[in-house]
Amino acid sequence: MTAAADTVLIVEDEAPMRRFLSAALHSHGFRVIEAGTLAAAERLATESVPSAILLDLGLPDGDGLTFVRSLRTWSAAPVIVLSARDREDDKVTALDAGADDYLTKPFGTSELLARIRVALRHARAQRTPDDPVLAVGPIRIDQARHEVSVGTRTIHLTPIEYKLLALLARHAGKVLTHRQLLQEVWGPRSTHQTHYLRVHMAALRRKVEDDPARPRWLTTEPGVGYRLLDEPART
C-alpha cells in the first residue's frame with residue numbers, strides 16, 4: 001500500500017471512468033482528487049499539488065496536451081495519459097509534450113497501479129547529470145569515472161552508447177521518445193535519424209542484456225521510443 005501522502009489528480013470528463021479510477025486508487029491507499037474539465041484540472045493542480053496526475057486528453061473545454069505543456073512550466077509531477085487514442089503518433093506527441101507515460105484504454109487496474117508506482121519512484125529518485133553514481137537494477141554507472149558495470153561485469157561502451165545509457169538511467173522507468181533521445185545525444189538536427197538509435201540500441205543491448213533478443217531492462221515502445229526499466233520485464 002502506498003503512503004497516504006500520495007495524492008493523485010484524476011482528470012477525466014466521463015463520470016463512470018472517474019468513479020472506476022477513484023475506487024481503484026482509494027482501495028490502494030491513495031488520496032484522490034477529481035477534475036472533469038481542463039479549467040478544474042489547472043485549479044486543482046495548483047491548489048493541491050498532486051503527487052501524480054492521470055489525464056484524459058479529450059476534455060470538453062480543451063485538449064489535455066495544453067494542460068501538460070502548461071503544467072511543465074512550473075511542475076515536475078508525473079503525468080500518465082489515459083486515452084482511447086492508440087496511434088503511435090498520438091503517444092509520441094503526448095510524451096514529447098511532457099507526459100511521463102501513456103496508457104491506452106481499456107486497461108486493467110493492475111497495469112495502471114504498476115505505472116503509477118513507477119512514475120512515483122521516478123519522480124522521487126530525481127536522478128541528475130551531477131549524481132556520482134546512477135544505479136538501475138543490475139546496472140551501475142559511475143558518472144565521474146565513466147565506468148559501467150552490469151552485476152559483477154564491467155562493460156565497455158562507446159561514447160554514444162554511454163550517453164544513451166546514462167540518459168535512460170536518469171529517466172529510469174519512463175519512456176523516452178526517439179525525438180527526445182536523438183536531440184539529447186546527437187543534437188536538434190538529428191531528430192529524424194531514427195536508424196542511428198536502432199543501431200546503437202542494438203549494440204547496447206548486446207552488452208547489457210543476458211539475452212539481447214529478449215531484453216529485460218532496455219525495452220522498446222514500438223513506434224515511440226525506449227525505456228530502461230527499474231524492475232525487470234517478464235520474459
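The structure shown yields Cα extents along the principal axes in Å, and of the options (i) 63, 54, 29; (ii) 58, 51, 34; (iii) 52, 39, 33 that calculated value carries the label (iii).
Within the range 7-125, DSSP assigns beta bridges of which about 10% are antiparallel (rounded to the nearest 5).
Counting 0.36 nm for each residue step from ALA23 to SER75 and taking away their Cα separation leaves a gain of 16.1 nm. Classify the range 3-55: rounded, prolate or oblate, from the alpha-carbon gyration tensor (a ≥ b ≥ c, eigenvalue square roots; a/c under 1.5 rounded; otherwise prolate if a/b is larger than b/c)? In terms of gyration-tensor shape, oblate. Looking at the chain, the DSSP beta bridges with both ends there are about 55 percent antiparallel. Each of THR194 and ALA39 was given a label point 7 Å from its Cα along the Cα-to-Cβ line. The distance between the two points is 4.0 nm. Panel order for HIS192, HIS122, by other beta carbons found within 10 Å of each beta carbon, from fewest to most: HIS192, HIS122.
This ranking places TRP74, TRP186 by how few other beta-carbon atoms lie within 10 Å of each, fewest first, which gives TRP74, TRP186. Dividing the summed helix terms, -39500 (n - 2.57) for each DSSP H run of n ≥ 4, by the number of residues in the chain produces a 222 nm estimate of -12000 deg cm²/dmol to the nearest 500.
Only the coordinates and a few stated rules stand behind these numbers; no lab work does. The structure presented is a predicted model; accordingly, all values stated were derived computationally and were not measured. As a convention, Cβ positions derive from the backbone with ideal geometry for all residues, glycine included, and neighbour counts pool all protein chains shown.
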